[in-house]
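The structure appears below as structure tokens.
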Amino acid sequence: MSVVTVQLGQCGNQIGFEVFDALYSDSHCPQGLCSERENEAYQASSKERFFSEEENGVSIARAVLVDMEPKVINQTLSKAAQSGQWKYAQHSCFCQKEGSGNNWAYGYSVHGPRHEESIMNLIQKEVEKCDSLSGFFIIMSMAGGTGSGLGAFVTQNLQDQYSNSLKMNQIIWPYGTGEVIVQNYNSVLTLSHLYRSSDALLVHENDAIHKICAKLMNIKQISFSDINQVLAHQLGSVFQPTYSVEGSCHYRRNPLGICPFIFFFTGDLMENLVPHPEFKMLGIRNIPQMSENSLTYSTFTWAGLLKHLRQMLISNSKMEEGINWQVRPPLPGLPTLGKVSLNRELHFNTSIANLVILRGKDVHSADLGGFKDPALYTSWLEPIDAFNVWKTQRAFSKYEKSAALVSNSQFLLKPLDTIVGKAWNMFASKAYIHQYTKFGIEEEDFLDSFTLLEQVVASYCNL
């Protein structure tokens, strides 16, 4: 089954390119540490999901590119074509000459309705190329105007027109120091609208990825390309094929599931990761992540990798460096700090559901008992329902052994509460509101968004 990717705005298109490049490079890597037959099956499964093929053998990304300015799309098309290995389809792009000026309302209320038919026609043509559609993967930022405003509009249209197909939005959380003066407004409006129309929000925080580049990848002058490559690596480690069941040699065919609240590569996973529509925030952690120079001198065991990954989860650490090893699961009957107050430091990160994905040598020897501890999860889900694992002996990228964790937990609680609070302070003083009202987003729309997100914060806080 196939996934149609929709790349929106500058951020969405730049990340989308890196994701397809990472998927293609990994699936064609000769060093998969598995048999030739298994490698061919892995490659075929990956290709079915994310690429179609032209007569000359060049792979074509199953993607639609949308931006209101042509520069980034032209660069993205050119970079893909220059690779000589894969490219975007000739008529898979939509761009204009006028951007959204970092105004969510302009992207949502002006560009959206004005270009709805053209964009949705492009998506429909891409869907028709799929033998069987699994769903949509929508890549966008939430701080600007086109990716956030138009992205929310397109997601809403996908929900209306493809209600039986899964919609998953990969959203980029802005730097805390601020890129755009109205980024908190844009973020609140984006999140509230996506909560109504998307099945899951896969969130990456710019600050966290920046730290990974600096501390784990040892990059001195960090560019957006560096950040996007780390993002693409994390997404690829989740999206690439895994075995359908324990001990099987057959890869999962369905990357996203077949109905709402069924997720990723199997029929019942979304039901576990997103058991209730109020809890849609998903995060990814990867281990190991390091530069090729460091990798040459490193060896890993499954016991060591999983010990670190579990502690990253419960201490809410985004990378293996600087983990707080003092954090422990709460004793039965005692409330976590998160349940007491958001104003106190949130030490233990309570989970709703977790998926661990293991790739590489001796993968079936890995002991995952630590992730089945009931103390890690909310009281209303049993670990047998809240935890899943996928495995494949086929290594990912350059790592002999690697683990990824997709988690629905309290990981975003404090950043979400902070961004809502900052937006509310601006709203209370009526700052910049006129820039939104003149394009049809009224004060009542802001209040509805605040109400929805404050309820999300309260729900995650009370896990």
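Yes/no per residue for (1) among the hydrophobic types (A, V, I, L, M, F, W, C); (2) surrounded by 18 or more Cβ atoms within 10 Å (Cβ to Cβ); (3) within 18 Å of the chain's Cα centre (by Cα):
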site: Asn286; (1), (2), (3): no, yes, yes
site: Asn293; (1), (2), (3): no, no, no
site: Ser298; (1), (2), (3): no, no, no
site: Thr301; (1), (2), (3): no, no, no
site: Leu306; (1), (2), (3): yes, yes, no
site: Arg310; (1), (2), (3): no, yes, no
Quiz item: Which is open to solvent by less than 70 Å² (accessible area, probe 1.4 Å), touching a residue at least 60 places away in the same chain (Cβ under 8 Å), closer than 24 Å to Gln183 by Cβ and among the small types (Gly, Ala, Ser), of Ser132, Ser83, Ser109?
Solution: Ser109
Practice problem: State whether one or more residues within segment 65-75 are within 19 Å of Phe239 (Cβ to Cβ), in a helix (DSSP H, G or I) and of a type in the set (Lys, Arg). | Solution: no
Exercise. Those residues that are of a type in the set (Val, Ile, Thr), modelled with pLDDT under 95 and open to solvent by less than 30 Å² (accessible area, probe 1.4 Å), I need them from segment 213-241; list them, please.
Key: Val238
Exercise. Please work out if Lys414 is touching a residue at least 12 places away in the same chain (Cβ under 8 Å) and under 30 Å from Asp21 (Cα atoms).
Key: no
Quiz item: Looking at segment 159-175, which of its residues are more than 26 Å from His233 (Cα to Cα) and either in a loop (DSSP other than H, G, I, E, B) or open to solvent by less than 10 Å² (accessible area, probe 1.4 Å) (or both)?
Solution: Tyr162, Ser163, Asn164
Practice problem: Select from segment 53-80 the residues that are open to solvent by less than 30 Å² (accessible area, probe 1.4 Å) and among the aliphatic types (A, V, I, L, M) and list them in ascending order. | Solution: Ile60, Ala61, Ala63, Val64, Leu65, Val66, Met68, Val72, Ile73, Ala80
Practice problem: Scan segment 124-158 for residues that are part of a strand (DSSP E or B) and within 17 Å of Ile419 (Cβ to Cβ) and report the count. | Solution: 2
Quiz item: Conditions: (1) at pLDDT 95 or above; (2) open to solvent by 10 Å² or more (accessible area, probe 1.4 Å). Thr190 meets all but one. Number of the miss?
Solution: (2)
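The values are calculated or read from the model by the stated rules, or taken from the named source; none is laboratory data. Predicted model only: the values in this text are computed from it and were never measured. Every residue, glycine among them, receives a Cβ derived from its backbone with ideal geometry; neighbour counts consider all protein chains shown. Please note that ligands, DNA and RNA were not included when accessible areas were found on the heavy atoms of the full protein model with its side chains. Shrake-Rupley method; radii C 1.70, N 1.55, O 1.52, S 1.80 Å.
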